[in-house]
Amino acid sequence: MNLRTSCTIKFEIPDPTPFILMLRPRSGGQQWVEREEFKITPHTPVFEFSDTYGNLCQRLIAQPGLFSIHTSSDVIISDYMDQGFDAPFVEIQNLPDSVLSYLLPSRYCESDFFYEMSLSITQGQLLGYNQVAAITDWLRENISYIPGSNNQPLSAIQVNERKFGVCTDLAHLGIALCRGLSIPARIVVGYLHKLKPMDMHAWFEAYIGNRWYTFDATQTGSPSGYVMLGVGRDAADVAIFNQFGPPVYPFEQLIQVEQLSF
């Protein structure tokens, strides 16, 4: 599948404001970036780096006045989301060093509180992929996905108490439940083709059978069309922009994803 993604964000900047952006997809895994456009208006010096999790990030200082960011990418992805029923649990001593941080509790994923609940949800399941699939099914049945229901990320404990949330919230609870079983799990932010309403999307991945698999409790069936922008322990690691100083909010944000035909 060939997708064209675009994101336009506009701000009115009152004072010089440092930003860190995370809006460039990286080739790898199940996606290949064929073309990219990255435009800052007005022209502003940008310095790029890779963060702790391998995400492409950009640093800049936006000057007072109208400030806009526009990105566009043509990305080749798999036509289908990989599934791996019966893929085995990987014992902790055999995990790659780079995966170990995704076992630990984090700001929005308090996995040390979810061991008993995780066991209950996955009772009778083969260790590994089947456990995570059972967690995903449980989330669909017990946590309502309501786009726009909150503007700030909720922790896994809060989501479990409220029983509803946005895509990020369901991902946090899924991650906490996986980590409660010593299955490494991480949040992913990016684009999803045909998402309604169209916006940035979040889902989670679990490390099973010596690779990462995608899980998304907000979607049914076997959806495809995922384009990854960044990964991390939870929402605190994957904001598409962070600004520092007095809060500055975008007055316009437009996300588009379309399928290309050749």
Exercise. Mind checking which residues of the stretch 127-149 are touching a strand residue (DSSP E or B) at 6+ places or on another chain (Cβ under 6 Å), under 15 Å from PHE89 (Cα atoms) and part of a helix (DSSP H, G or I)?
Worked result: TYR129, VAL132
For this session: Search the stretch 87-104 for residues that are assigned to a loop (DSSP other than H, G, I, E, B) and pair each with any residue that is of a type in the set (A, V, I, L, M, F, W, C) when their beta-carbon atoms are under 7 Å apart and the residues are at least 6 apart or on different chains.
Result: ALA87/ILE208; PHE89/LEU127; PHE89/ILE183; PHE89/ILE208; VAL90/ILE208
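Considering ASN130, ASN160, which residue is at pLDDT 95 or above and farther than 16 Å from SER111 by Cβ?
ASN130
Out of TYR213, TYR207, I need the residue that is of a type outside the set (Lys, Arg), at negative phi, in a strand (DSSP E or B) and out of contact with any strand residue (DSSP E or B) (no Cβ under 7 Å at 6 or more places or on another chain). Which one?
On the way: TYR213 fails: out of contact with any strand residue (DSSP E or B) (no Cβ under 7 Å at 6 or more places or on another chain).
Only one candidate passes the filter, namely TYR207.
Conditions (1) among the β-branched types (Val, Ile, Thr); (2) surrounded by 21 or more Cβ atoms within 10 Å (Cβ to Cβ); (3) at pLDDT 95 or above, marked per residue:
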position	(1), (2), (3)
GLY190	no, yes, yes
LYS194	no, no, no
ASN210	no, no, yes
THR218	yes, yes, yes
SER222	no, no, no
ARG233	no, yes, yes
ILE240	yes, no, yes
For this session: Count, please, the residues in the stretch 224-246 that happen to be among the hydrophobic types (A, V, I, L, M, F, W, C) and touching a Lys or Arg at 6+ places or on another chain (Cβ under 7 Å).
Result: 2
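Given the criterion on the phi < 0 side of the Ramachandran plot and touching a helix residue (DSSP H, G or I) at 6+ places or on another chain (Cβ under 9 Å), identify the matching residue among GLN31, GLN63, GLN83, GLN58. Steps first, please.
Working: GLN31 fails: touching a helix residue (DSSP H, G or I) at 6+ places or on another chain (Cβ under 9 Å); GLN63 fails: touching a helix residue (DSSP H, G or I) at 6+ places or on another chain (Cβ under 9 Å); GLN58 fails: touching a helix residue (DSSP H, G or I) at 6+ places or on another chain (Cβ under 9 Å).
From the options GLN31, GLN63, GLN83, GLN58, the qualifying one is GLN83.
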For this session: Of all residues in the stretch 155-165, count the ones that are touching a residue at least 40 places away in the same chain (Cβ under 8 Å) and either touching a Pro at 6+ places or on another chain (Cβ under 6 Å) or buried (at least 23 other Cβ atoms within 10 Å of the Cβ) (or both).
Result: 1
Exercise. So THR168 clears everything in (1) touching a residue at least 40 places away in the same chain (Cβ under 8 Å); (2) of a type in the set (Ser, Thr, Tyr); (3) part of a loop (DSSP other than H, G, I, E, B) except one condition, right? Which one?
Worked result: (3)
Exercise. Across the stretch 105-126, which residue is nearest to the chain's Cα centre (by Cα) among those that are surrounded by fewer than 17 Cβ atoms within 10 Å (Cβ to Cβ) and in a loop (DSSP other than H, G, I, E, B)?
Worked result: ARG107
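From the list ILE175, ILE183, exactly one residue is on the phi < 0 side of the Ramachandran plot, buried (at least 22 other Cβ atoms within 10 Å of the Cβ), outside any helix (DSSP H, G or I) and aliphatic (A, V, I, L, M). Which is it?
On the way: ILE175 fails: outside any helix (DSSP H, G or I).
Matching residue, one of ILE175, ILE183: ILE183.
Taking the options SER106, SER120, SER101, SER72, name whichever one is at pLDDT 95 or above and touching a Cys at 6+ places or on another chain (Cβ under 9 Å).
Working: SER106 fails: touching a Cys at 6+ places or on another chain (Cβ under 9 Å); SER120 fails: touching a Cys at 6+ places or on another chain (Cβ under 9 Å); SER101 fails: touching a Cys at 6+ places or on another chain (Cβ under 9 Å).
Answer to the check: SER72.
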Exercise. Within the stretch 52-72, can you find the residues that are exposed (fewer than 15 other Cβ atoms within 10 Å of the Cβ) and either within 20 Å of the chain's Cα centre (by Cα) or in a strand (DSSP E or B) (or both)?
Worked result: THR52, GLY54, ARG59, ILE61, GLY65, LEU66
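The values are calculated or read from the model by the stated rules, or taken from the named source; none is laboratory data. Keep in mind the model is a prediction, meaning the values are calculated, not measured. Please note: Cβ atoms are built from the backbone with ideal geometry, for glycine as well, and neighbour counts cover all protein chains shown.
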